[in-house]
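Each remark here refers to the structure printed beneath this line.
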Amino acid sequence: MSTYGYALYQLVFSTKYREKTLVKKDREMLFRYIWGLLNNKKCHLYQIGGVEDHMHIILDVHPVNSISDLIKDIKLASSEFIKSNQLFPHFNGWQTGYAYFTYTNEARGNLIEYVKNQESHHHKKTFKEELIELLQEHGVQFDERYLD
């Protein structure tokens, strides 16, 4: 028998020092690259989005992948892709660490819309405010000193 499963995740990570380096005109190329990477890892991408200083990825993670290895691979491969294609001239890498959250299948539609609307969402709140809300919503204990 093969291995089967369904695990809906939201992955969230930011640029190093939360620098606003992911300029809008080239983000779509980065998102397409990450989609291909996830596809090769047998993950199903539902939505990817973000703004100048961070990204959100909504996906079903295939059981052969661990979250930590998957995020490490995304960060390493996308950093190389950005540099080799000179996409974001001021990009200095991704921040160490990340956040991930699991959801039921019923939440998928709302999650997709949430990520699609990142631009307008961040006119109202910062990434740090958003991250604190997500951590609190999911009951994750955190030390605010490490959110900068």
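Computed extension length for N92-V64: 7.1 nm, one decimal, from 0.36 nm per residue of separation with the Cα-Cα distance subtracted. Let me confirm the definition first: pairs of Lys residues in the stretch 1-109, 8 or more apart or on different chains, C-alpha distance under 24 Å. How many are there? Total qualifying Lys-Lys pairs in the stretch 1-109 comes to 20. Based on C-alpha pairs under 8 angstrom that are at least 6 apart in sequence, the stretch 21-148 has a relative contact order of 27 percent. Note on the stretch 22-61: with neighbouring protein chains present and a 1.4 Å probe, carbon and sulfur make up 50 percent of its accessible heavy-atom surface.
Would you look at the GNM of the chain, springs on alpha carbons closer than 10 Å, and say which of I58, I132, I112 moves the most? Taking springs between Cα atoms under 10 Å, the residue moving most is I132. For T96, the solvent-accessible surface computed with a 1.4 Å probe is close to 140 Å², ligands and nucleic acids excluded. Between K24 and H138, residue separation times 0.36 nm minus the direct Cα-Cα distance comes to 38.1 nm. Kirkwood radius and radius of gyration were both taken over the C-alpha atoms of the chain, and their ratio Rg/Rh is 0.94. For the stretch 46-90, the gyration tensor built on C-alpha atoms gives an oblate shape. Its axis ratio a/c (a ≥ b ≥ c) is at least 1.5, and a/b is not larger than b/c. Computed over protein heavy atoms with a 1.4 angstrom probe, the accessible surface ordering of D148, D69, largest first, is D148, D69.
Placing +1 on each Lys and Arg Cβ and -1 on each Asp and Glu Cβ, with no other charges, gives the chain a dipole about its Cα centre of roughly 420 debye.
Dividing the convex hull volume of the alpha carbon atoms of the stretch 86-148 by its residue count gives 137 Å³ per residue. Ordered by 1.4 Å accessible area with all protein chains kept, E113, E119 run largest first as E113, E119. Accessible surface ranking for E28, E106, 1.4 angstrom probe, highest first: E106, E28. Rounded to the nearest 10 square angstrom, R32 shows an accessible area of 140 square angstrom against a 1.4 Å probe.
The values are calculated or read from the model by the stated rules, or taken from the named source; none is laboratory data. Fair warning: this is a prediction, and the values are worked out from it, not measured in the lab. Counting neighbours? That spans all protein chains shown, and the Cβs are built from the backbone with ideal geometry, glycine included. With ligands, DNA and RNA removed, areas are computed over all heavy atoms of the protein, side chains included. Shrake-Rupley method; radii C 1.70, N 1.55, O 1.52, S 1.80 Å.
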